[in-house]
Amino acid sequence: MSLINTNGLTEEQNMMREGVLDLLSRHLPWERVRKMDEAREFPHEAYNALADAGYLGIFYPEELGGMGASYKDIAVFMETLGYYYTGIAQGVTTTAIYAGMHVAKFGTPEMKKDIVPKIIAGKVKLALAMSEPGTGSDVAGIKTSAVREGDDYVINGSKVWITCAHVADYLVAIVKTDKQARHSGISTILVPTNTPGVTIRPLSMLGRRTTHANEVFFDNVRVPAGNLFGGEGQAWKNIMAALGLERMGLAAISAGHCFKITEYARDYARERIQFGQPISQFQVIQHKLADMMIMAETARQSVYRVAELLDGGHRVVQEASIAKIVCTENNFKCADIGMQILGGAGYSNEYDMQMFFRDSRVGPIGGGTNEIQRNIIAKQMDL
């Protein structure tokens, strides 16, 4: 029995949730997830099945071939993906939100018309190339340069921790077009990954192995000047404008994962016999599971609050940062408690809890560290 209460969702949202879970159970059966995690294999079949069923259109307006869905619809979709398996959720998010939303919001009319329908159809994947070896949280301090030479830009530099770059057809690269400026000196360029001079090297990560991070190197990479989009020097402003949805998506994935972990620990506790009875009969275990349920439900509520505000046309700077913190930290706490409930089994690779533990730990780090989120909240509080 699922612990997620679907009261409050519309009939269409419930149908979508059931449809996504059914599709994933067929195209990404759970026993295959563990094998793919060990092999560090991207879930192409499930990704393509989601695209074929039209689900990737949920992020985009109807004029670009999308569904024109609400933010609540997107929250339900991302929570459902995170509940089933965070790897497929991250694979979708990387292309459709992190990178794809920049094209959809700020791309040239030709770029939008060309790229977005291909994203929706699953024909192309994208990755956002922003972090660098010396600049993680300090985006304005990036060093990768794009210098105008005639009708081209020539890009040199390197990026690191670039999720899903190894399967991407395009990189949405954040580059310095004015080395003397900070925030006003960065721009966004679309770089096909098959361009000469682009090298992508996979990194061995602790968790989220099916959608792992990569290093990206640009060695005199030449792309047409028309590939710069969103306005020269405007990348910082554009990145800020896209953060509400990005953080809501991240939070929703973690909220869904909280429920998955809680159900897994509950089911184990019901079957594990100690002192002649299931350990779920012991109040100490019941309280741990109750704490996990509280964290899962609290996480979920913070996501839907952000969705409600976005659907109302409001700014969500503080609320999105709060949701990102609450959901990702609750996700890891749930995995930590779940591991304790399983005891030695939790620490064993024979069970899934160790994967949940590994996969949840990146949440407070990626997508803007939770320290940076707290800085944002403090600023919103006029501190």
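The values are calculated or read from the model by the stated rules, or taken from the named source; none is laboratory data. For clarity, every value in this text was computed on a predicted model and none was experimentally measured. Cβ coordinates were reconstructed from backbone atoms using ideal geometry, including for glycine residues, and neighbour counts include every protein chain displayed. These area figures cover heavy atoms from the full protein model, side chains too; ligands, DNA and RNA do not enter into them. Shrake-Rupley method; radii C 1.70, N 1.55, O 1.52, S 1.80 Å.
General remarks:
- TYR71 closer than 25 Å to ASN375 by Cβ, among the aromatic types (Phe, Trp, Tyr) and within 12 Å of the chain's Cα centre (by Cα): no
- Out of VAL216, VAL221, VAL198, sole residue that is free of Cβ contacts under 8 Å to residues at least 40 places away in the same chain, in contact with a strand residue (DSSP E or B) (Cβ under 7 Å, 6 or more places away or on another chain) and open to solvent by less than 50 Å² (accessible area, probe 1.4 Å): VAL198
- Only one entry in ALA320, ALA307, ALA335, ALA290 is of a type outside the set (Phe, Trp, Tyr), more than 23 Å from GLY68 (Cα to Cα) and either under 19 Å from the mean Cα position of the chain (by Cα) or modelled with pLDDT under 95 (or both), namely ALA335.
- Test: ARG315 is basic (Lys, Arg) and over 19 Å from ILE253 (Cα atoms): yes
- Any chance GLY244 is surrounded by fewer than 24 Cβ atoms within 10 Å (Cβ to Cβ), of a type outside the set (Ser, Thr, Tyr) and modelled with pLDDT under 95: yes
- All told, PRO133 falls short of being modelled with pLDDT of 95 or more, open to solvent by 30 Å² or more (accessible area, probe 1.4 Å) and of a type outside the set (S, T, N, Q).
- Within the stretch 136-151, the set of residues being modelled with pLDDT under 95, in contact with a helix residue (DSSP H, G or I) (Cβ under 9 Å, 6 or more places away or on another chain) and outside any loop (DSSP other than H, G, I, E, B) comprises VAL139, ALA140.
- The one condition in (1) within 23 Å of GLU38 (Cα to Cα); (2) in contact (Cβ under 8 Å) with a residue 40 or more places away in the chain that ILE365 fails to fulfil: (2)
- Test set (1) touching a Leu at 6+ places or on another chain (Cβ under 9 Å); (2) surrounded by fewer than 19 Cβ atoms within 10 Å (Cβ to Cβ) - ALA168 fails condition number: (2)
- Some residue of the stretch 263-277 being at positive phi and either open to solvent by less than 30 Å² (accessible area, probe 1.4 Å) or of a type outside the set (Phe, Trp, Tyr) (or both): yes
- Checked against (1) over 22 Å from ALA307 (Cβ atoms); (2) assigned to a helix (DSSP H, G or I), GLY122 passes all but condition (2).
- Across the stretch 48-58, a minimum of one residue is classified as over 21 Å from LYS72 (Cβ atoms), of a type outside the set (Gly, Ala, Ser) and at pLDDT 95 or above.
- Inter-residue pairs, beta-carbon under 6 Å, first within 18 Å of ARG209 (Cα to Cα) and open to solvent by 30 Å² or more (accessible area, probe 1.4 Å) and in the stretch 328-355, second of a type in the set (Ser, Thr, Tyr) and modelled with pLDDT of 95 or more, 6+ apart: PHE332/SER360
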